[in-house]
Every structure is written in C-alpha cells, then in structure tokens.
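For reference, the structure discussed in these notes is given below.
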Amino acid sequence: MNLSVAEAALPAAEPVMRRPSLAGRTRAGLAEALAEIGVPEKERRMRVGQLWNWIYHYGVRDFQEMTTIGKGLRAQLAEHFTLDLPEVTAEQVSTDGTRKWLLRMAPTGPRDRGAEIECVYIPEVDRGTLCVSSQVGCTLTCTFCHTGTQRLVRNLTTEEIVTQLMVARDRLGDFPNRSAPEGAFVPNDGGRFISNIVFMGMGEPLYNFDGVRDAIGVISDDQGLSLGRRRITVSTSGVVPQIGPLGGEMGTMLAISLHAVRDELRNELVPLNKKYPIKDLLEACRNYPGLSNAKRITFEYVMLKGVNDSDAEARELVRLLKGIPAKINLIPFNPWPGTRYECSDWERIERFSEIVFKAGYASPVRTPRGRDILAACGQLKSETEKLSARARLMLEQDEAEAATVAH
Ligand code: SAH
Ligand code: SF4
C-alpha cells in the first residue's frame, strides 16, 4: 500500500490489544485463564489457590511478586494477562472523611471509551462501609434519584464489581504490607478499613443478579477478600421475583427502598411499584430466607418534604411492617442539581422517627455523608452519558457509511 507523506509521518495506529486482567475473577474464571495458557488440568486447582491468595489476600499488582509460583509460569502469566484495576479518574475527599472514587472500566470494544462508575467509602467510628455500584446508571427512574436520570445503562461484570472493593482497599492501604495514604482514616481497633459493603451505589443490583451473586462469592470468600455475607447488604427498589433467590443464593442482608406507604404515591416515586405493588413486595419480604430478629430487613425511607413525611404516614408504615423483623432507616433526601424535591425539615424527621421508635422499631436517621462532594445516597451520576452520546454519533456515522456501501 502506498502512503502519502502526511500519513507516513503518523505513527501506525496501534492495534488495541489489551491483555485481560485477572483482578476480580472467580475461581472458575482464573482456571479458564490458566487453561488458555496451557497449564495442565491437574495442576490448575493448586495454581488457582495460589493466584487467589496473591490477588485477593495480598492485593499484589505484579505477577513477579507471586513468589510461590515458579518464574516460568509467572512470566507466562505476565505475557498474557495483567492484574490491572479500573483506572481511578478522580478521587474526592469530603470534609467528613467520606471518599468518592470515579472509576473508568476497561473498554468492552473498539468504540467503547470505558464506562465510568462511582463508589464511595464512608468511615464511621465502629465501621468502614464501602458503597458499591452494580450497574452503569440505572434503568429504573425513581423520581428522587440522580442515578435514575442517567441514560446509558449496562450491567457491571463480576470483575467490575469485585474490583471496586480492590481499588478501595488499595487506595486506603487496606491490604497487608501496604501503608495508608496521608489523611486516611485509620481504624483504631486494628480492624480493617472496610468492614461492610452496601450495594447502594449506582444501579439496581437485582437486575444484575448473576453478576452480583458471583461478585459476592468472591468478596465473601474467607481465603481472600473475606467480607462475611452478614456484612454485605443488597438494596433493592423492589424486584419482587428476585428477592427469594437473593436470600437463597447470596444469603446477604436485605434492604428495601420503600419510601411510601400507599401504592399511588409509590407508583410515582418508585415507578417499578406499578409492576410489583407494596402488598407483593412485603409478602416477598415476609418470606425472605433466613429472616429472624438477628437478621432483620432494613426498610429505607427517604424523607421528602410535604410528600411522604406526615405523622399518618409514619403510623401507616409501622402498621404495614407488622410481623416482619425490620429496621427502618430514615434517609434525609440528598438534593442534586435540577431535582424537584426538598428534604423534610429536621423537626419533621424527628417527629416521624419518634412515632416509628415508639412502635418498637430502631429508626436511625442516616446522617448524610459526603454531601459536599455529591457522594451521598442517590447523588451518584457519572459522566458516561456524554461519552455515550459521542459513541452513539460514531456508531450512527458507521451505520450511515455501511448503508451507503450496501446500496
Ligand atoms: N437501586 C437500589 C440501590 C441503589 S439506591 C435501590 O433503589 O434500592 C440506594 C438508596 O438510596 C435507595 O434506598 C434509594 O432509594 C436511595 N436514594 C436514591 N436517591 C436518593 C436521594 N436523592 N436522597 C436520599 N436517598 C436516595
Ligand atoms: Fe435506580 Fe435505585 Fe436510583 Fe431507583 S433509587 S433509580 S432503583 S438506583
């Protein structure tokens, strides 16, 4: 092929041949990788165990550090794979110690610039909670939620969910032999920075059931990241058919985003309610596997001024939950640019909480954390939309070209 001078001067377009990362993979996924590079089947189980320990217990980022694995195999692994984590494109630290990371996922194809998602670390006196995302954006359109306004949506892969925890541990110095970055909160009981995980970031976890289930398998494995299932909470807006399977297959704690006590209002706030009304939702909760006084369901209730915050609604809430081992979590509404709602006044929230408390429920009001960096519940929304608009344009151009050629 003849190149013009101008073209010849340009560096040859590099084929985007990324080596896949092993970070975040399940045991089966690691075994597949070993099979790909010709590790004999009888050796794979042992090798998976070694990789597992280095990747998840020690958090190493370089195959050369895996000293229990022979040099030859280490070199082979490095030739075909990486241990890369998603790129941290922004880190914000709130005045209250909350940290928000914007993570760019590896591109899924030649036209994909890599979706961005957010995850948030919330240090408290007795625990450190990581709030993870299960999807890019959300297909549901709860009217009070910022994430619901993001148009581009896709499920995150198992690896993309697990690596959120790995990035957070990495950034906090929460892997053995790593030091904490300056200004990081250091647990004073010698415990780990991240003791709990909540699926309360972007997305509806029960619409990504398999991805979330497999990620929880990796996260809770006691040879690796070691976060027990009782310390993992999955929050759902009410995907009724998946609630039983969640308890059966994942065995985590459950949180329900209730937010209203009448179908008419809940239809408006959480449109999924039109498909699965309150009665069906509460029935699924009553049947949640493993439910007991020690394993209660958390009902989340966002406090919206003049919308769902009356005394009568507090009393109805208590009546509805009768007989379900429950905790009620009142969430002050976190505003975001362009929202039509306001947070209830503090006295109103206290009054509501008092009614719930007198009925015998713990009713902690969730202190908003990281509001100054838009890291609080429902404020997450990545800029992926902009990228997607560009990507869509490119795609349309491609299609137009293809159509011209075809005719
Ligand atoms: N999709 C899941 C999990 C992510 S949302 C769900 O809806 O449960 C996590 C929690 O934040 C939910 O209870 C959600 O209703 C709440 N939330 C959403 N937007 C909010 C906002 N602006 N202020 C306060 N809480 C909000
Ligand atoms: Fe999606 Fe949950 Fe936000 Fe509703 S509240 S739009 S389900 S992320």
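Among 234-244, 158-168, 103-113, sorting by the average number of other beta carbon atoms lying within 10 angstrom of each residue, highest first, gives 158-168, 234-244, 103-113.
Kindly identify region 19-80 as rounded, prolate or oblate by the Cα gyration tensor criterion: order the square roots of the eigenvalues as a ≥ b ≥ c, call it rounded if a/c is under 1.5, otherwise compare a/b with b/c, prolate if a/b is larger, else oblate. It would help to have the intermediate numbers written out before the result.
On the way: a/c = 1.28, a/b = 1.14, b/c = 1.12.
Rounded shape, in that the Cα axes give a/c under 1.5.
When the Cα positions of Pro332, Val125, Gly244 are compared along the charge dipole of region 87-388, Gly244 comes out farthest toward the positive end, with charges on each C-beta of Lys, Arg, Asp and Glu. Protein heavy-atom surface of region 281-373, 1.4 angstrom probe: 51% of the accessible area is carbon and sulfur, with nucleic acids and ligands not counted. For region 19-80, the carbon plus sulfur part of the accessible surface works out to 51%, probe radius 1.4 Å.
Which order do the peptides 82-95, 130-143 take when ranked by the mean count of other beta-carbon atoms within 10 Å per residue, highest first? Could the numbers behind the result be given before it?
On the way: 82-95: 16.4, 130-143: 22.8.
Ranked by mean Cβ neighbours within 10 Å, highest first: 130-143, 82-95.
With the full set of protein chains in place, find how many percent of the accessible area of region 107-257 is carbon and sulfur; take the probe as 1.4 Å. The C+S portion of the solvent-accessible surface of region 107-257 is 47 percent.
Arranged from highest to lowest average of other beta-carbon atoms within 10 Å per residue, in what order do the peptides 258-268, 41-51 appear? Numbers along the way, then the final one.
On the way: 258-268: 18.7, 41-51: 14.5.
Ranked from most to least packed, the peptides come out as 258-268, 41-51.
In the full protein context, region 87-388 carries 42 Å² of accessible surface per residue, based on a 1.4 Å probe and ignoring ligands, DNA and RNA.
State the extension gain, in nm to one decimal, for the chain segment bounded by Asp311 and Ala78, taking 0.36 nm per residue of separation less the distance between their alpha-carbons.
Numbers: separation 233, 0.36 × 233 = 83.88 nm, distance 6.20 nm.
Taking Asp311 through Ala78 to full extension adds about 77.7 nm, to one decimal.
Counting only heavy atoms of the protein chains and using a 1.4 Å probe, Tyr288 has close to 10 Å² of accessible surface.
Report, in debye and to the nearest 20, how large the dipole of region 87-388 comes out about its Cα centre when Lys and Arg carry +1 and Asp and Glu carry -1 on their Cβ. Dipole of region 87-388, to the nearest 20 debye: 460 debye. Rolling a 1.4 Å probe across the protein heavy atoms gives region 19-80 an accessible surface of 52 Å² per residue. Label separation (Lys322 vs Glu342): 3.5 nm, computed from points 7 Å beyond Cα along the C-beta direction.
Straight Cα distances below 30 angstrom link Lys322 to the lysines Lys274, Lys275, Lys279, Lys295, Lys305, Lys358, with same-chain residues fewer than 8 positions distant left out.
Determine which residues of region 310-336 fall in the zone a paramagnetic label at Thr367 would reach in this model, i.e. backbone nitrogen under 18 Å from the point 7 Å along Cα→Cβ. Only 329-334 pass the distance filter. Among rounded, prolate and oblate, which fits region 87-388 when a ≥ b ≥ c are the square roots of the eigenvalues of its C-alpha gyration tensor, a/c under 1.5 means rounded, and a/b larger than b/c means prolate? It is rounded, given that a/c, with a ≥ b ≥ c, falls under 1.5.
The values are calculated or read from the model by the stated rules, or taken from the named source; none is laboratory data. Not measured: the values here are computed from a predicted model. Every residue, glycine among them, receives a Cβ derived from its backbone with ideal geometry; neighbour counts consider all protein chains shown. Side chains are part of the model used for accessible areas, which takes the heavy atoms of the whole protein and leaves out ligands, DNA and RNA. Shrake-Rupley method; radii C 1.70, N 1.55, O 1.52, S 1.80 Å.
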